[in-house]
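Before any comments, here is the structure.
Since every read-out is calculated from the coordinates, none of them should be taken as a lab result. Just so it is clear, the structure is predicted and the values come from calculations on it, not from any experiment. Quick reminder, even Gly has a Cβ in these numbers, built from the backbone with ideal geometry, and neighbours come from all protein chains shown.
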Amino acid sequence: MSLKAELEIWAAALKAYDEEDFETALQKFAAIGDSSKILTNMGLIYATLGEHEAAVEQFISATQLDQYLAVAYFQCGVSNFLLTRYDLAYKDFEEALLYLRGNQSINYEQLGLKFKLFSAEILFNKGLCLIYMNRLEEGLMELEEAKKEKATDEHNVIDDAMADNGDGYTVFSIPVGVLYRPSENKLKNAKAKDYMGKAKLVATSDVNEQYTTFTGVTRLKQGISPAGVFLDGSDSPAENNLGRANTLAITSRPSIPDEDRPQPLQRAKTTINTTRGAATNPPSPVEKDVVEKAPRSTSADPAPGAPLVRSITSASASRAPGGPLGPTRGLSVRRPGAAPPAPVPAAAPAPKGL
């Protein structure tokens with residue numbers, strides 16, 4: 001599939017998602033689901049629908065194509081946590097932290113995902129997984145590490161969770177509505193462009209503009225020279241009947257009487273003043289003229305063994321003048337009095353105290 005076709009399907013899938021037609025969005029994404037970004041999008045849609053089993057499958061497929069995609073490990077851990085698979089979720093968050101590669105955050109906005117993944121959020125999610133696996137001390141140690149990595153006001157919930165030993169809190173996640181989207185420039189470039197434009201019908205009232213060929217050729221057919229002079233001396237193209245008839249008038253030649261018509265040129269003799277040729281073949285008028293104008297020899301006959309004299313083989317022909325010229329983030333919140341989290345939709349309620 002071409003890049004243009006893939007971008008068009010991607011845009012159509014996003015449009016369906018924004019209109020909350022999730023089934024159509026999934027179908028269209030499935031048609032181009034051969035990249036980690038598209039598979040991550042499908043996982044996020046399934047998570048929005050609360051189908052976390054399917055979401056986990058898509059996130060796993062995405063990380064198989066791009067093993068360094070920390071955000072896919074992170075969101076896979078969120079879905080496993082909501083499925084109460086705390087051990088698997090913990091492993092997912094460990095992978096996400098590993099591929100954060102020691103950074104405090106990774107901003108995915110330049111890649112088309114309006115989300116910034118923070119190490120504090122991954123550490124906090126790891127701590128909650130340990131707490132819900134009844135490993136309270138280890139979990140609180142992770143929360144302490146998360147507290148050191150706080151980067152935004154949203155991370156103040158970590159202090160509250162530590163005070164409550166993580167009881168009833170849920171994990172940070174990618175907000176609902178955030179998907180990988182292609183840049184506007186890519187979408188614009190994918191649209192078909194008409195560089196030639198559409199044909200337009202142009203009417204004219206001037207007889208001189210009624211042509212579709214090259215201007216110079218048409219004007220010559222009308223009997224007008226490039227300098228704007230009428231070739232036969234008439235005052236207007238209308239008097240010359242215009243077009244082809246005028247061209248014929250220009251190219252025709254006046255008739256010449258036979259007696260005044262010049263004789264055709266003949267090939268000159270290789271030698272001149274030979275006795276045999278003079279006796280048997282009298283010279284033609286042209287030959288006679290050439291002989292008379294040629295310089296005479298001092299002797300009537302050439303001496304025996306003397307070199308032959310070559311006749312003039314070129315003549316200067318006059319050239320006619322005028323010849324042709326060259327060319328919102330999902331927050332961790334505490335549900336008061338809530339038991340350990342059961343499978344719930346991906347969208348998390350508002351943070352405690354916010």
- Members of segment 36-50 that are aliphatic (A, V, I, L, M) and not in a helix (DSSP H, G or I): L49
- For segment 182-192, state whether one or more residues are part of a helix (DSSP H, G or I), over 30 Å from L3 (Cβ atoms) and not acidic (D, E). no
- Query: Going through segment 1-57 one residue at a time, which ones are crowded, with 20+ Cβ neighbours inside 10 Å and of a type in the set (F, W, Y)?
  - Reply: W10, Y17, F29, Y46
- Is it the case that F59 is part of a helix (DSSP H, G or I), within 30 Å of L187 (Cβ to Cβ) and hydrophobic (A, V, I, L, M, F, W, C)? yes
- Message: Can you confirm whether L39 is more than 30 Å from the chain's Cα centre (by Cα) and under 30 Å from L130 (Cα atoms)?
- Response: no
- Just to be sure, is E53 of a type in the set (D, E, K, R) and assigned to a helix (DSSP H, G or I)? yes
- Can you tell me which residues in segment 147-174 are polar (S, T, N, Q) and more than 19 Å from A96 (Cβ to Cβ)? N156, N165
- Does segment 62-73 hold any residues that are among the hydroxyl-bearing types (S, T, Y) and assigned to a loop (DSSP other than H, G, I, E, B), and which are they? Y68
